[in-house]
1. 222 nm [θ] for the chain, helices only, -39500 (n - 2.57) per DSSP H run of 4+, per residue, to 500?
2. If one computes the Cα centroid of region 42-63 and of region 99-173, what distance in Å separates the two points?
3. Pick from 150, 56, 86: which residue has the top mean-square fluctuation in a GNM of the chain where Cα pairs under 10 Å get a spring?
4. Apply the Karplus curve 6.51 cos²θ - 1.76 cosθ + 1.60, θ = phi - 60°, to the phi angles in region 30-43 and return the couplings in whole Hz, x for Gly and Pro.
5. Loop-only check: which GluC sites (Glu not before Pro) in region 68-173 are DSSP coil with at most 12 other Cβ within 10 angstrom?
6. For a quick check of your reading of the filter: which trypsin sites (Lys or Arg not before Pro) in region 1-47 sit in a DSSP loop and have no more than 11 other Cβ atoms within 10 Å?
7. In whole Hz and in residue order, list the ³J(HN,Hα) couplings for region 50-65 that follow from phi through the Karplus curve 6.51 cos²θ - 1.76 cosθ + 1.60, θ = phi - 60°; x for Gly and Pro.
8. Report, ordered by chain and residue number, the lysines lying within cross-link reach of residue 16, taken as a straight Cα distance under 23 Å and ignoring same-chain residues fewer than 8 apart.
Amino acid sequence: MLVDVVPVGDVSAQVKRQASAGLRSVYDCEVTIHDSQSVPTGAHDEKRDQYRAEEFIELAGRIGSADKNIAITPKDLFYRRRNYVFGLAYLDGKGSVISTYRLQTSSDGGFSNRSASEIFSDRVRKEVVHEIGHTMGLEHCDNKRCVMNFSPTVREVDVKEENLCGSCQRSVL
Ligand SMILES: [Zn+2]
Ligand SMILES: [Zn+2]
C-alpha cells in the first residue's frame, strides 16, 4: 500500500517523521511526504474561528496520488455539530486528515512517565494510524487499547496503543 502525507500549513519535522514512522510500522506501507500546502481558501469558519475538516480531506485526495492520502495540519478542525475533531476520514475513502492542534494539550496526567514531546509524538502516530484505518474500511472498535477505539479527548488517545487489535488486524491486513 502507498500512503501520501500532505502537510497543510506549518507542520514540524517531528510531526512528519512520527506520522510516517507510525504508518510504516502498523501498515508496512510506503510513505511519501509532500511539500507543504497552504490552507484551502474557504476552509475557515469565521464564527467558530475553526477550520472545516472536509476541505482538508478533499485537498489530501487532490494533492496526494497514493491509494490513501492524509493531510496533517496544525489548524483546529471541526466537523458538523462536533466542537472539534482530532481527525476525520470517510470509510473506504481516498483522503483523510488529522489536526495536531489539540494533541499538544497538557501532559497525560501522570498516566506514563513520558515527556511532553514523547506523548505528543505518540498521539500523532495513533491519530494518523486511526484515520488511515477508517479509509481502509475499519469502523470504531470497542477495545480501549485498539488504535481504532473512538477517542474524543486526549485521555482516550493516551490509553490506546498505536496498533490495531487482533480483530481489526484480521479484517484489513
Ligand atoms: Zn475514528
Ligand atoms: Zn480493534
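1. Taking each H run of at least 4 residues, the total per residue is -10500 deg cm²/dmol.
2. 22 Å
3. 150
4. Karplus values, whole Hz, x for Gly and Pro: 8, 10, 10, 9, 7, 5, 5, 10, 7, 4, x, 5, x, 7.
5. Hits after loop and neighbour filter: 139.
6. Loop-located and lightly packed - 47.
7. 9, 10, 6, 4, 4, 5, 6, 5, 4, 4, 4, x, 7, 7, x, 10
8. 68, 75, 94, 126, 160
Readers should treat all values here as calculations from the given coordinates under stated rules, not as data from a laboratory. Quantities reported herein were computed from a predicted structural model and do not represent experimental measurements. Positions of Cβ are generated from backbone atoms using ideal geometry, with glycine treated the same way; all protein chains shown enter the neighbour counts.
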